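A.B. asks: To start, I am sharing the structure in question, which I have written as structure tokens.
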Amino acid sequence: MTSDPHKLEALSTQLSGALILPGHAQFDASREIWNLCFDRHPSVVVRCTTAGDVIASIRFAREHNLEIAVKGGGHHAAGHASTDGGLLLDLSGLRAIEVNPEQRYAVAQAGLTWAHFDQVTQTFGLACTGPIVSMTGIAGFTLGGGFGWLHRKIGLGCDNLKSATVVTADGHLVTATEAENGDLFWGLRGSGWNFGVITSMGFQLHPIGPSVAAGLIYFPLASFPELVDHHRKRIPQFPDELTTWFFLRLAPPVPIMPKEWVGRPVAALAFCYCGDLEEAMNWKLELTSFAKPIVDTITPIEYRLWQRSLDDRWGNGFFNDWRSHYLDDLSAEATRILMDHVERLNSPLTDIKIAHLEGAVSRVAESATAYGNRNARFGLVIQTRWEHGLESAAHIAWGKELRDALAPYSTGRVYANFIAADEADRVPSAHGPENYRRLRELKSKYDPANVFHNNPNIPPIL
Ligand SMILES: Cc1cc2nc3c(=O)[nH]c(=O)nc-3n(C[C@H](O)[C@H](O)[C@H](O)COP(=O)(O)OP(=O)(O)OC[C@H]3O[C@@H](n4cnc5c(N)ncnc54)[C@H](O)[C@@H]3O)c2cc1C
């Protein structure tokens, strides 16, 4: 039906942005997402430049019974920003941002990535919590929760979302804030992709930088238990300015890595301190001086640059499978399982990352937003990544095996931004029972036909 040129012509006359069909020079760029595992071909792409484009496209898709997919940064590892045969809303043309430095507030369109957002807000010495890779979209990240280097100091991305404009399933534009459509605003902060297409977002900003103390300090994998042990003892005293992650991987072939270590299993402490730089160095010493590092890159660095420092490793064009847990503790047994799997790792591109959460994240009530999981101490993600499609089965099996082995040591819950495509049954655990019940009611109110289902999906109540 959509191949009918008259109907497509009628849609294109309503658009400010571009209607892109298969064969168009921009078609492949528009449909491309980060994870090659999901190489899908929509029948129509609309590269939106206004909220009006989003409204017209949703109405068109519904009239012609086309599945809708929404692409922000295209970074969800489960490939939700893609569709075979449906209509893809490519939001990359929605890129405006305005900052009010006095009010420490930014209004940004939903197609922006964090690289652009940080670049603009840091001009004013301000920032909001973004992810640890800057090509991720501001929308998907925030709608699912959002932690990175600043969550302990200023909360999750979604905790700093103060308003949103949303095109609902029936093609209407509404505003959501605490005071206006408050139920929708609650749901946007943790499961936001379920209720409409967000066209712009208002964020509370905070003074950050311009420099933070940050970097990676690599140790032989054998030092991991000691690093963890020290963390376990000292975490209760960690200031909110300090955020740490553990990265377990094969040592990458980067110029600073001694050649004899490249390809060998290592444990890195990733460190970001967004306060006094002298204090930062004291904490670094305290957390690492008992073991001999292979290489240490922790140094004062502009926050804006630190946000981009991992980008090279995480570009498009690879196959990826992510598995995840929240953990309350890194017990000796869990540590041993992790080390055992890293010893057997056969992709130099794969990472296991463990973020320390708590701080400002845990000071928000579980029921205050749809995010849930406020009290988990660590967020763990197994980021299996490989180059050749023929190897997919073996890599996916490795990640699932590790997920299953760690399950007894997890909280049993998971982060919506990290749920894999075949793990729809884990969505309730991303929110907790009471939040999930509220989300289903909200879904029934705002999207009873489940028009927006390419996401960690909340089914409406039938
Ligand atoms: C390399 C990499 C690093 C990451 N690092 C972190 C990290 O440090 N911390 C963290 O918390 N997460 C991290 N993530 C996960 C990331 O936050 C999620 O995958 C997020 O959903 C990606 O958002 P996106 O807009 O780029 O993705 P997309 O795949 O475009 O979108 C994700 C979901 O949101 C929906 N969506 C997107 N835009 C809109 C909109 N405007 N309105 C309604 N729905 C929309 C999509 O339909 C899809 O369901 C990382 C991901 C990658 C690939």
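The values are calculated or read from the model by the stated rules, or taken from the named source; none is laboratory data. Values in this document were obtained by computation on a predicted structure and should not be read as measured data. Glycine gets a Cβ as well: all are built from the backbone with ideal geometry, and neighbour counts include every protein chain shown.
A.B. asks: Could you check region 157-167 and list, in sequence order, the residues that are more than 8 Å from the ligand (Cβ to nearest atom) and touching a helix residue (DSSP H, G or I) at 6+ places or on another chain (Cβ under 6 Å)?
C.D. replies: Within region 157-167, Cys158, Leu161, Ala164, Val167 meet the criteria.
A.B. asks: What do you reckon, is Gly74 on the phi > 0 side of the Ramachandran plot, within 16 Å of the ligand (Cβ to nearest atom), out of contact with any Gly (no Cβ under 6 Å at 6 or more places or on another chain) and not assigned by TED's automatic domain parsing to the domain that holds Gln109?
C.D. replies: Yes.
A.B. asks: Next question. Out of Leu161, Leu188, Leu150, Leu156, report the one residue that is crowded, with 24+ Cβ neighbours inside 10 Å and within 20 Å of Ala81 (Cα to Cα).
C.D. replies: That would be Leu188, the only listed residue that is crowded, with 24+ Cβ neighbours inside 10 Å and within 20 Å of Ala81 (Cα to Cα).
A.B. asks: Next question, about the same structure. Output the qualifying pairs, or none if there are none: Cβ atoms under 9 angstrom, residues six or more apart or on different chains, first residue in region 223-234 and within 16 Å of Leu248 (Cβ to Cβ), second residue part of a helix (DSSP H, G or I) and among the hydroxyl-bearing types (Ser, Thr, Tyr).
C.D. replies: Phe224/Thr335; Pro225/Thr335; Leu227/Thr288; Val228/Thr335; Asp229/Thr335
A.B. asks: Here are the criteria: (1) within 18 Å of the chain's Cα centre (by Cα); (2) away from the ligand (no atom under 11 Å from the Cβ). Tell me which single one Trp193 does not satisfy.
C.D. replies: The one condition Trp193 does not meet is (2).
A.B. asks: Do we find a residue being small (Gly, Ala, Ser), more than 12 Å from the ligand (Cβ to nearest atom), outside the structural domain of His325 (by TED's automatic domain parsing) and surrounded by fewer than 22 Cβ atoms within 10 Å (Cβ to Cβ) anywhere in region 438-448?
C.D. replies: Within region 438-448, one or more residues are small (Gly, Ala, Ser), more than 12 Å from the ligand (Cβ to nearest atom), outside the structural domain of His325 (by TED's automatic domain parsing) and surrounded by fewer than 22 Cβ atoms within 10 Å (Cβ to Cβ).
A.B. asks: Has region 311-318 got at least one residue that is in contact with a Gly (Cβ under 9 Å, 6 or more places away or on another chain), under 19 Å from Thr142 (Cβ atoms) and touching a residue at least 40 places away in the same chain (Cβ under 8 Å)?
C.D. replies: No, region 311-318 contains no residue that is in contact with a Gly (Cβ under 9 Å, 6 or more places away or on another chain), under 19 Å from Thr142 (Cβ atoms) and touching a residue at least 40 places away in the same chain (Cβ under 8 Å).
A.B. asks: Continuing with this model, one more query. Check Ala51, Ala69 and return the single one that is within 9 Å of the ligand (Cβ to nearest atom), within 20 Å of Ile138 (Cα to Cα), at pLDDT 95 or above and out of contact with any Cys (no Cβ under 6 Å at 6 or more places or on another chain).
C.D. replies: Ala69
A.B. asks: What single numbered condition from (1) away from the ligand (no atom under 15 Å from the Cβ); (2) out of contact with any Lys or Arg (no Cβ under 9 Å at 6 or more places or on another chain); (3) closer than 24 Å to Phe247 by Cβ fails to hold for Gly209?
C.D. replies: (2)
A.B. asks: Now for a different question. Does Leu143 fit the bill of being at pLDDT 95 or above, more than 8 Å from the ligand (Cβ to nearest atom) and either surrounded by fewer than 23 Cβ atoms within 10 Å (Cβ to Cβ) or within 17 Å of the chain's Cα centre (by Cα) (or both)?
C.D. replies: Criteria not met by Leu143.
A.B. asks: Related question: Regarding region 276-289, can at least one residue be identified that is crowded, with 19+ Cβ neighbours inside 10 Å and assigned to a loop (DSSP other than H, G, I, E, B)?
C.D. replies: Within region 276-289, none of the residues are crowded, with 19+ Cβ neighbours inside 10 Å and assigned to a loop (DSSP other than H, G, I, E, B).
A.B. asks: On the given criteria, is Asp404 among the charged types (D, E, K, R) and within 16 Å of the ligand (Cβ to nearest atom)?
C.D. replies: Here the answer is no, as Asp404 does not meet what is asked.
A.B. asks: Regarding Ala61, is this residue within 10 Å of the ligand (Cβ to nearest atom) and either over 29 Å from Asp321 (Cα atoms) or not assigned by TED's automatic domain parsing to the domain that holds Thr136 (or both)?
C.D. replies: no
A.B. asks: Next question, about the same structure. Among Val364, Val295, which is the only one that is farther than 20 Å from Pro131 by Cα, in the same structural domain as Gly389 (by TED's automatic domain parsing), more than 12 Å from the ligand (Cβ to nearest atom) and aliphatic (A, V, I, L, M)?
C.D. replies: Within the list Val364, Val295, the selection yields Val295.
A.B. asks: When you scan region 17-124 for helices (runs of 4 or more DSSP H) that lie fully inside it, which ones turn up with 2 or more residues that are of a type in the set (A, V, I, L, M)?
C.D. replies: Qualifying helices (runs of 4 or more DSSP H): 51-63, 114-122.
A.B. asks: Follow-up question, since we're still on this one. Do we have Asn346 as over 23 Å from the mean Cα position of the chain (by Cα) and not in a helix (DSSP H, G or I) here?
C.D. replies: yes
A.B. asks: Given the residues Arg304, Arg308, which is the only one that is touching a Pro at 6+ places or on another chain (Cβ under 9 Å), under 25 Å from Gly130 (Cβ atoms), basic (Lys, Arg) and buried (at least 16 other Cβ atoms within 10 Å of the Cβ)?
C.D. replies: Step by step, each of Arg304, Arg308 is checked, and only Arg304 is touching a Pro at 6+ places or on another chain (Cβ under 9 Å), under 25 Å from Gly130 (Cβ atoms), basic (Lys, Arg) and buried (at least 16 other Cβ atoms within 10 Å of the Cβ).
A.B. asks: Of all residues being of a type in the set (A, V, I, L, M, F, W, C) and surrounded by fewer than 21 Cβ atoms within 10 Å (Cβ to Cβ) in region 382-397, which is farthest from Ser331 (Cα to Cα)? Just the residue, please.
C.D. replies: Leu390
A.B. asks: A further question on this structure: Applying the selection to region 283-319, what residues are over 21 Å from Val266 (Cα atoms), out of contact with any Asp or Glu (no Cβ under 8 Å at 6 or more places or on another chain) and of a type in the set (S, T, N, Q)?
C.D. replies: Those that are over 21 Å from Val266 (Cα atoms), out of contact with any Asp or Glu (no Cβ under 8 Å at 6 or more places or on another chain) and of a type in the set (S, T, N, Q): none in region 283-319.
A.B. asks: Among the residues of region 233-246, are any of a type outside the set (A, V, I, L, M, F, W, C), under 21 Å from Arg336 (Cβ atoms), assigned by TED's automatic domain parsing to the domain that holds Gly372 and assigned to a strand (DSSP E or B)?
C.D. replies: Yes, some residue in region 233-246 is of a type outside the set (A, V, I, L, M, F, W, C), under 21 Å from Arg336 (Cβ atoms), assigned by TED's automatic domain parsing to the domain that holds Gly372 and assigned to a strand (DSSP E or B).
A.B. asks: Which one of the conditions (1) within 23 Å of Pro210 (Cβ to Cβ); (2) touching a Pro at 6+ places or on another chain (Cβ under 7 Å); (3) within 16 Å of the ligand (Cβ to nearest atom) does Gln122 fail to meet, given that it meets all the rest?
C.D. replies: With respect to (1) within 23 Å of Pro210 (Cβ to Cβ); (2) touching a Pro at 6+ places or on another chain (Cβ under 7 Å); (3) within 16 Å of the ligand (Cβ to nearest atom), Gln122 is out only on (3).
A.B. asks: While we're on this one: Among the listed residues Glu9, Glu32, Glu67, Glu98, identify the single one that is in contact with a strand residue (DSSP E or B) (Cβ under 6 Å, 6 or more places away or on another chain), surrounded by fewer than 23 Cβ atoms within 10 Å (Cβ to Cβ) and of a type outside the set (Phe, Trp, Tyr).
C.D. replies: Glu98
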